[in-house]
Amino acid sequence: MAVEQESREDRQAEEVVEGLEKLQVVDKMPKHPLQNAWTLWFFKNDKSRTWEENQRPIITVTTVEDFWSLYNHIEVASKLPPGADYSLFKEGIFPDWEDKRNGSGGRWMIGVDRQHRSVNLDSYWLEILFFLIGEHADIHASQVNGAVVNVRSKGDKLAVWLADSSEPEAVVRIGKMVKERLGLPEAHTIIFNVHKEEKNRPGGNKNKIVV
Ligand code: MGP
């Protein structure tokens, strides 16, 4: 039974990858450039590969139109097999703690209950994508390196990755903006994890920032 489920999830993930790889963004009309080029990554949870090998860059978009073409062609996050991720990062940044542009940073984590997956996950992810490509963090936009959605049976997660965790004012300001953007109530706290601390002590985070 578990093997059957695993091979079904494998097939599902492969279909997502094949669809993504076929994706071609072709258009002759004038397009609206984004301030930054953004790369979409897909993580397929293949146990025979390392975590890094499971990260595949799919496509880089540089215009609003290409972003929409991409968004309309791919599976929504809630339909991904468990264990999969999408990441959207500024071009040239690998979506991991080890990339030098992430090295001093951290991530705002937003948990989404499993029972709310169908209602909230896709709309929250789209709001975060807008936050990124629209440079909505304003004066702090250079802090925003990317974002990730983790689809997990135990509970989905969204994260906004920042470049510099030593700037508490900017970190807090961005956390509040993300909360507002998602329409989260005041009582719904979100936590900022510093990458270096998380990497060295998974689950542990001594200097928690919460908004
Ligand atoms: P995850 O995918 O962020 O969360 O990390 P998940 O699957 O919900 O698991 P949990 O540990 O949060 O409960 C899962 C595992 O992937 C981590 O424990 C690391 O082993 C690995 N991993 C995650 N990230 C973000 C990185 C990274 O940036 N670099 C490396 N090398 N491994 C990572």
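The values are calculated or read from the model by the stated rules, or taken from the named source; none is laboratory data. Not measured: the values here are computed from a predicted model. Note that each Cβ is placed from the backbone with ideal geometry, even for glycine, and that neighbours are counted across all protein chains shown.
Tabulated data for the structure shown
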| item | result |
| --- | --- |
| Some residue of segment 2-20 being in contact (Cβ under 8 Å) with a residue 40 or more places away in the chain and closer than 27 Å to LEU184 by Cβ | no |
| Answer residue from segment 52-79, given it is without any contact (Cβ under 8 Å) to a residue 12 or more places away in the chain and within 16 Å of the ligand (Cβ to nearest atom) and is surrounded by the most Cβ atoms within 10 Å (Cβ to Cβ) among those | ASN54 |
| Residue in segment 44-64 that is modelled with pLDDT of 95 or more and either in a helix (DSSP H, G or I) or in contact with a Cys (Cβ under 7 Å, 6 or more places away or on another chain) (or both) present | yes |
| Any hit, segment 155-165, residues being among the β-branched types (Val, Ile, Thr) and without any contact (Cβ under 8 Å) to a residue 40 or more places away in the chain | no |
| Per-region count, segment 107-157, residues of a type in the set (D, E, K, R) and at pLDDT below 95 | 5 |
| Residue satisfying all of: in segment 31-50; of a type outside the set (D, E, K, R), within 16 Å of the ligand (Cβ to nearest atom) and in contact (Cβ under 8 Å) with a residue 24 or more places away in the chain; nearest to ILE133 (Cα to Cα) among these | THR39 |
| Residues of segment 90-137 that turn out to be basic (Lys, Arg), assigned to a strand (DSSP E or B) and either within 14 Å of the ligand (Cβ to nearest atom) or farther than 22 Å from SER166 by Cβ (or both), as a count | 1 |
| Candidate set from segment 181-198 (those that are surrounded by 13 or more Cβ atoms within 10 Å (Cβ to Cβ) and among the charged types (D, E, K, R)); member that is modelled with the lowest pLDDT | GLU198 |
